[in-house]
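The values are calculated or read from the model by the stated rules, or taken from the named source; none is laboratory data. Worth saying up front: this structure is predicted, and the values here are computed from it rather than measured. Don't worry about glycine lacking a Cβ; one is built from the backbone with ideal geometry, like all the others, and counts go over all protein chains shown. Keep in mind that these areas ignore ligands, DNA and RNA; they rest on the heavy atoms of the full protein, side chains included. Shrake-Rupley method; radii C 1.70, N 1.55, O 1.52, S 1.80 Å.
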Amino acid sequence: MNHLIIGAGPAGVVAAETLRDLDSSAAITVLGDEPEPPYSRMAIPYLLRENIDERGTYLRKQDGHFDECNIEVRNGRAGRAQAVDAVGKRVKLAGGDELAYDKLLVASGSKPLTPPIPGIDHARVSSCWTLEDARKIAAGIQPGAPVVLIGAGFIGCIILEALVAAGAQLTVIEMGARMVPRMLDSTCGGLLQKWCEGKGVTVLTGAQVSAIEEADGDALKVRVDGDGGGEKILDAELVISATGVRANADFLGDGGDGGGKSNKSNGGSGVELRDGAVVVDAFMASSNADIFAAGDVACGKDFSTGEYSVQAIQPVAVEHARIAAHNMHAPGAARHRGAVAMNVLDTIGLVSTSYGLWDGVDGGDSCKLVDESRYRYLRLCFEDDILVGANTLGMTEHIGILRGLIQGRFRLGKWKARLMENPLQLMESYLAATQGA
């Protein structure tokens with residue numbers, strides 16, 4: 001059996017290793033389009049804070065690991081997929097080679113969105129997505145230097161901590177009405193903003209960069225609209241864009257309009273796409289039975305809603321990868337129940353989380369506990385007597401319990417009323433739901 005994996009991130013590496021465990025004789029090739037060995041993007045902030053060196057970002061740190069596993073890894077141009085011929089079961093690479101496959105896994109992840117801002121292509125503007133980006137940022141930050149970060153979403157807030165640690169004079173610009181608007185409600189997002197401002201970060205919400213212009217020397221001028229006033233002009237030695245990501249699947253072809261509808265690719269793959277991501281079934285297979293997908297590039301079932309969406313978080317990518325590998329080896333061997341949306345974010349030492357339907361459901365009840373002086377927040381959302389979502393800030397002791405209750409869809413009965421009165425009775429509620437107490 002000849003397995004080909006496009007993508008050398010966590011999903012690609014875990015899938016390759018799982019396939020090797022399942023079949024000692026299969027040919028396994030992993031394609032990565034960057035020159036470095038397989039690494040974790042989630043480790044880049046730690047690199048910027050100098051907690052680790054570049055080798056610390058590598059997914060497998062032992063020299064010769066992939067050779068010992070008999071897994072071929074191609075990097076850079078030699079590993080960049082350019083097109084997929086699903087009929088001929090071949091992948092064309094940017095370097096000119098073509099590789100045949102029996103089963104193909106698309107685990108190519110996502111790539112940063114580039115906002116349509118004049119000047120966004122300036123040499124002193126960067127995303128923070130690759131090791132090459134990290135090198136550029138590290139070289140451009142001096143203690144006390146003014147830096148502008150565009151975007152206070154999940155990725156932006158991870159980068160934020162590293163920039164503060166590097167001594168940057170940081171201004172964050174977020175288009176939404178609060179920080180991390182796709183993860184935190186207004187109270188939670190507002191408390192997070194207050195926390196960041198207390199650490200010396202300027203946060204402008206409801207604001208938008210209209211242009212980035214070159215000033216004298218190496219400086220930049222960043223024009224900002226909104227934030228309850230007229231135009232602001234900010235000085236910056238470096239601008240970092242963290243305005244979101246999209247599935248990295250251009251090599252499959254995209255015949256859609258990005259409007260959320262399913263569509264066939266117009267490339268040689270012919271697989272079904274939705275918003276540019278590969279639609280997968282419970283076995284992580286695409287509309288082509290020999291092509292699978294995992295991670296940020298996979299549009300799979302959401303556990304809470306039953307709808308199809310991309311869950312761009314590393315634990316989901318790893319789960320996808322294991323399931324896909326089992327089914328590439330033996331069709332029907334493993335099923336995916338759907339990904340539970342779960343985000344855990346550490347922002348300058350303050351941990352925030354969201355689970356499931358964290359913003360509630362129509363007609364559902366919710367309760368919350370707020371301690372602004374200690375930056376502690378807990379909100380629970382119910383559908384009937386089932387916990388379906390939660391937000392927390394500054395509270396990490398209930399992470400496993402919250403996920404267990406939401407994923408288990410336990411009926412809480414009288415314990416729902418008790419939680420509505422005191423949301424801190426989560427442990428007691430969990431024991432009652434799981435052990436019949």
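Return, for the Cα atoms of the chain, the radius of gyration and Dmax in Å, separated by a comma.
In Å, with Rg to one decimal and Dmax whole: 22.8, 70.
Among 364, 298, 378, which residue has its Cα positioned farthest towards the positive end of the charge dipole of the chain, with +1 placed on the Cβ of Lys and Arg, -1 on the Cβ of Asp and Glu, and the dipole taken about the Cα centre?
Positive-most Cα among the choices belongs to 364.
Which value in nm describes the separation of the simple spin-label points at residue 123 and residue 334, placed 7 Å from the Cα toward the beta carbon?
About 4.7 nm, to one decimal.
Hey, if you put +1 on the Cβ of every Lys and Arg and -1 on every Asp and Glu Cβ in the chain, which of 273, 389, 424 ends up farthest toward the positive end of that dipole?
424
Taking the Cα-to-Cβ direction at residue 98 and at residue 63 and moving 7 Å from each Cα, how far apart do the two end points lie in nm?
Once both label points are built, they end up 3.9 nm from each other.
Using label points projected 7 Å from each Cα along Cα→Cβ, tell me how many nm separate residue 396 and residue 72, to one decimal.
4.3
Counting only DSSP beta bridges with both residues in the chain, what percent are antiparallel, rounded to the nearest 5? All intermediate terms of the calculation are to be shown ahead of the outcome.
On the way: 57 of 91 bridges.
Here the share of antiparallel DSSP bridges comes out near 65 percent.
Assigning unit charges at the beta carbon (Lys, Arg +1; Asp, Glu -1) and nothing else, what dipole magnitude in debye, to the nearest 20, does the stretch 295-428 show about its Cα centre?
Details: 14 positive and 16 negative charges, 82 e Å.
That gives the stretch 295-428 a dipole magnitude of about 400 debye.
How large is Rg over Rh for the stretch 1-49, taking Rg from the Cα atoms and Rh as the Kirkwood inverse mean of 1/r across Cα pairs?
On the way: Rg = 12.9 Å, Rh = 11.9 Å.
Using Cα coordinates only, the ratio equals 1.08.
Evaluate the charge dipole of the chain about its Cα centre and quote only its size in Debye, nearest 20, assuming +1 on the Cβ of each Lys and Arg and -1 on the Cβ of each Asp and Glu.
In total the dipole reaches around 840 debye.
If the only charges are +1 at each Lys and Arg Cβ and -1 at each Asp and Glu Cβ, what is the size of the charge dipole of the stretch 36-190 around the Cα centre, to the nearest 20 debye? Mind dumping the intermediate values first?
Numbers: 18 positive and 18 negative charges, 60 e Å.
The dipole magnitude comes to about 280 debye.
Accessible area per residue for the stretch 1-129 in Å², computed with a 1.4 Å probe and the full protein assembly in place, what is it?
It amounts to 46 Å² per residue over the stretch 1-129.
Could you work out what % of the accessible surface of the chain is carbon and sulfur, using a 1.4 angstrom probe and leaving DNA, RNA and ligands out of the count?
Ligands and nucleic acids excluded, carbon and sulfur give 47 percent.
Would you mind checking the stretch 391-425 for residues with the amide N under 18 Å from a putative spin-label position 7 Å along Cα→C-beta of residue 282?
The answer is 407-409, whose backbone nitrogens lie closer than 18 Å to the label point.
Quick check on my link table: of 136/194; 194/368; 194/221, which ones sit more than 24 Å apart, alpha carbon to alpha carbon? Please report the intermediate quantities before stating the final value.
Values: 136/194 30 Å; 194/368 19 Å; 194/221 26 Å.
Going by Cα-Cα distance, 136/194; 194/221 fall outside the 24 Å limit.
Return the equivalent ellipsoid semi-axes of the stretch 309-426 as a descending list in whole Å, where each equals the square root of 5 times an eigenvalue of the C-alpha gyration tensor.
Numbers: eigenvalues 174, 70, 23 Å².
Taking √(5λ) for each eigenvalue gives 29, 19, 11 Å, largest first.
Using only helices, what value at 222 nm comes out for the chain when you add -39,500 (n - 2.57) per DSSP H run of length 4 or more and divide by the total residues, to the nearest 500 deg cm²/dmol?
Values: 10 runs with 101 residues, N = 437.
Computed mean residue ellipticity for the chain: -7000 deg cm²/dmol.
Once fully extended, how much extra length lies between residue 370 and residue 49, figured as 0.36 nm per residue of separation less the alpha-carbon to alpha-carbon distance? Walk me through the intermediate numbers first.
Details: separation 321, 0.36 × 321 = 115.56 nm, distance 3.14 nm.
Taking 0.36 nm per residue and subtracting the Cα distance, the gain is 112.4 nm.
Tell me which lysines have Cα within less than 23 Å of residue 199's Cα, excluding those fewer than 8 residues away on the same chain?
232
Answer with one residue from 99, 129, 151: the one whose Cα lies farthest towards the positive end of the charge dipole of the stretch 97-205, charges on Cβ with Lys, Arg +1 and Asp, Glu -1.
Most positive-ward Cα: 151.
Taking 0.36 nm per intervening residue step and subtracting the Cα-Cα distance, what contour gain separates residue 24 from residue 210 on full extension? Let's see the in-between values first.
Details: separation 186, 0.36 × 186 = 66.96 nm, distance 5.53 nm.
My answer for the length gained is 61.4 nm.
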